[in-house]
Amino acid sequence: MSTLNYPEVGGTRQSVLPAGYNHLHHRTRIGTGRPAFEAAGAAVTTWRLHRESGVRVRADAVRAEPGAAVECAIGVGPLRVAAPCEVVWTAYETDRTGFAYGTTGGHPECGEESFVVELADDGTVWFTVTAFSRPGRWYTRLAGPIVPVCQRWYARRLGATLRRIAAG
């Protein structure tokens, strides 16, 4: 049974994100060619990207599949912040691979985030993070404008990590 804590499920698939949230759209050039695309797509959908970016990931599926429960956590000991999510959509296509997860009860935010790798017609491999979110806990409300800054920093970190993974 899903415990998603926001109503706009699948909103990161739309060209216009839902109103009433902070929006994030970050695109990074990862490399060129099908081998880079395949390496990047595998890293995104098997949680390797998140793990190599410094996040502890617990998932009940080896790779992203709709309905899979995922918990991402950062920090150490009592300062660890856990972010429970559920995969809401996936894309396993010839030139597009990725997924989105939505927040569930206990997550510091309410909303959705997608991680998509695309192989363009010219052979360029792009990685895009798209998200809409708003505070879901007292401490994220208290943090105010710092949270979107941290989210943009993390999206850039993911792009840099994925570029390294795709390069081999």
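The values are calculated or read from the model by the stated rules, or taken from the named source; none is laboratory data. Keep in mind it's a predicted model, so treat the numbers as computed, not measured. Every residue, glycine as well, gets a Cβ built from its backbone with ideal geometry; the counts of neighbours run over all protein chains shown. Only protein heavy atoms, including side chains, enter the accessible area calculation; ligands, DNA and RNA are left aside. Shrake-Rupley method; radii C 1.70, N 1.55, O 1.52, S 1.80 Å.
A few notes on this one:
- Residue ID - nearest to PHE37 (Cα to Cα), chosen from residues in region 123-138 that are touching a residue at least 12 places away in the same chain (Cβ under 8 Å) and over 13 Å from the mean Cα position of the chain (by Cα): VAL125
- A residue that is closer than 22 Å to THR128 by Cα, in contact with a Pro (Cβ under 9 Å, 6 or more places away or on another chain) and of a type in the set (Val, Ile, Thr) occurs somewhere in region 66-79.
Each row is one residue, and each column tells you yes or no for (1) in a helix (DSSP H, G or I); (2) aliphatic (A, V, I, L, M); (3) at pLDDT 90 or above.
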{"position": "CYS110", "(1), (2), (3)": "no, no, yes"}
{"position": "PHE115", "(1), (2), (3)": "no, no, yes"}
{"position": "ASP122", "(1), (2), (3)": "no, no, yes"}
{"position": "PHE127", "(1), (2), (3)": "no, no, yes"}
{"position": "TYR139", "(1), (2), (3)": "yes, no, no"}
{"position": "ARG152", "(1), (2), (3)": "yes, no, yes"}
{"position": "ALA155", "(1), (2), (3)": "yes, yes, yes"}
{"position": "GLY159", "(1), (2), (3)": "yes, no, yes"}
{"position": "ALA166", "(1), (2), (3)": "yes, yes, yes"}
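- The listed residue being in contact (Cβ under 8 Å) with a residue 24 or more places away in the chain and within 27 Å of GLY123 (Cα to Cα), out of VAL81, VAL44: VAL44
- Scanning region 54-70 for residues that are in a strand (DSSP E or B) and aliphatic (A, V, I, L, M), we see that the one that is farthest from GLY159 (Cα to Cα) is ALA69.
- Residues of region 32-49 include at least one that is at pLDDT 95 or above, in contact with a Ser or Thr (Cβ under 8 Å, 6 or more places away or on another chain) and not in a helix (DSSP H, G or I).
- When residues of region 88-102 are limited to those that are within 16 Å of HIS50 (Cα to Cα) and in contact (Cβ under 8 Å) with a residue 40 or more places away in the chain, the one farthest from the chain's Cα centre (by Cα): THR97
- The lone criterion from (1) open to solvent by less than 50 Å² (accessible area, probe 1.4 Å); (2) in a strand (DSSP E or B) left unmet by HIS25 is number (1).
- Here the condition is being open to solvent by 50 Å² or more (accessible area, probe 1.4 Å) and within 13 Å of the chain's Cα centre (by Cα); of ARG141, ARG164, ARG157, ARG80, it holds for ARG157 alone.
- Subset of region 35-55 [open to solvent by less than 50 Å² (accessible area, probe 1.4 Å) and either over 18 Å from ALA68 (Cα atoms) or in contact with a Cys (Cβ under 7 Å, 6 or more places away or on another chain) (or both)]: ALA36, PHE37, ALA39, ALA40, HIS50, SER53, VAL55
- The single condition among (1) touching a helix residue (DSSP H, G or I) at 6+ places or on another chain (Cβ under 7 Å); (2) assigned to a loop (DSSP other than H, G, I, E, B) that VAL9 does not satisfy is (1).
- Every residue from region 91-106 that is in a strand (DSSP E or B) and open to solvent by 30 Å² or more (accessible area, probe 1.4 Å): TYR92, ARG96
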